[in-house]
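Read the structure below first, then the notes.
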Amino acid sequence: MASANSKSTIRRPIAGAAAPQFLARCITLYVVGGFVEGWTPTDEVHEYDPTSDRWRRLAALPTPRGALAAAVLGGKIHAVGGIGWRGRNTPAHEVYDPAANQWTALAYVPTARDHLAAAGLDGRLYAVGGRIDGNYSRNLASNEAYDPATGRWEQRAPLPTARSGIAAAVLEGRMFVFGGEAPAGTFNQAEAYDAMSNGWSRHARMPTARHGLGAAAVAGRIYVISGGPTPGASASAANEIFVP
């Protein structure tokens with residue numbers, strides 16, 4: 001169901017945006033995995049400190065991969081899924097401890113996929129959406145939750161709109177999922193998951209449909225940034241705010 005009080009607001013575009021992959025923890029920015037020359041998956045992990053305006057390289061990701069998802073849970077960074085060697089999906093799930101600069105392998109995500117989103121919500125890690133082996137004609141509605149207390153994954157209510165190349169952010173106790181792509185075009189959907197009810201709600205659509213975007217919750221709002229307006233290799237400087 002749509003929220004009558006939801007709205008999206010257009011803000012001044014950012015310059016030269018090209019669908020970045022990033023993860024913020026406290027005031028530090030982390031870049032985990034990705035692709036390098038020739039679409040080769042990498043194990044590189046970098047940290048940016050805005051107070052010193054410097055980058056530093058951290059312990060390598062155990063499983064090199066791109067198009068993965070990453071999220072913060074309990075002060076640690078979880079890296080889930082993605083595309084590994086030979087363009088195939090990996091179910092790898094690894095967690096990084098910033099205090100020790102060390103990665104640990106955890107239980108595989110049940111549905112191996114790429115271009116998914118992840119978020120920490122109510123003490124669990126959620127892996128949502130995505131696609132099979134980089135093919136956006138094989139989009140998924142999967143929604144799986146990892147409980148660090150038991151070390152196990154469980155299936156949760158599926159995403160109402162199967163899609164990949166999405167972004168997710170947590171606000172007011174819900175996980176909001178934005179955008180995506182499929183062969184027919186890009187998505188402007190905004191759907192929210194409530195872990196308490198194990199249910200989804202639909203909200204005001206983004207003014208600009210796009211994929212490969214980023215989303216971050218700041219001061220009670222969600223900033224939805226950049227992304228491609230058409231399927232495949234496209235980009236935009238879109239910068240829009242979702243107000244729940």
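The values are calculated or read from the model by the stated rules, or taken from the named source; none is laboratory data. Note that the structure is a prediction, hence the values are computed from the model and not measured. Using ideal geometry, Cβ is built from the backbone for each residue, glycine included, and neighbour counts are taken over all protein chains shown.
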query: Has segment 177-184 got at least one residue that is hydrophobic (A, V, I, L, M, F, W, C), within 21 Å of residue 144 (Cβ to Cβ) and crowded, with 23+ Cβ neighbours inside 10 Å?
result: yes
Odd one out for residue 160, checked against (1) modelled with pLDDT of 95 or more; (2) in contact with a Gly (Cβ under 9 Å, 6 or more places away or on another chain): (2)
message: Return the residues of segment 86-142 that are touching a strand residue (DSSP E or B) at 6+ places or on another chain (Cβ under 8 Å) and among the basic types (Lys, Arg); say none if nothing qualifies.
response: 113, 124, 131, 138
field: Every residue from segment 106-140 that is in contact with a Lys or Arg (Cβ under 8 Å, 6 or more places away or on another chain), surrounded by fewer than 24 Cβ atoms within 10 Å (Cβ to Cβ) and in a loop (DSSP other than H, G, I, E, B)
entry: 107, 133, 140
message: Within segment 65-72, does at least one residue satisfy the condition of being out of contact with any Leu (no Cβ under 7 Å at 6 or more places or on another chain), outside any loop (DSSP other than H, G, I, E, B), within 22 Å of residue 213 (Cβ to Cβ) and of a type outside the set (A, V, I, L, M, F, W, C)?
response: yes
- prompt: Of everything in segment 199-218 that's among the basic types (Lys, Arg) and more than 17 Å from the chain's Cα centre (by Cα), which residue is nearest to residue 143 (Cα to Cα)?
  reply: 202
- prompt: If a residue has to be over 16 Å from residue 120 (Cα atoms), of a type in the set (Gly, Ala, Ser) and surrounded by 20 or more Cβ atoms within 10 Å (Cβ to Cβ) to count, how many in segment 143-172 make the cut?
  reply: 2
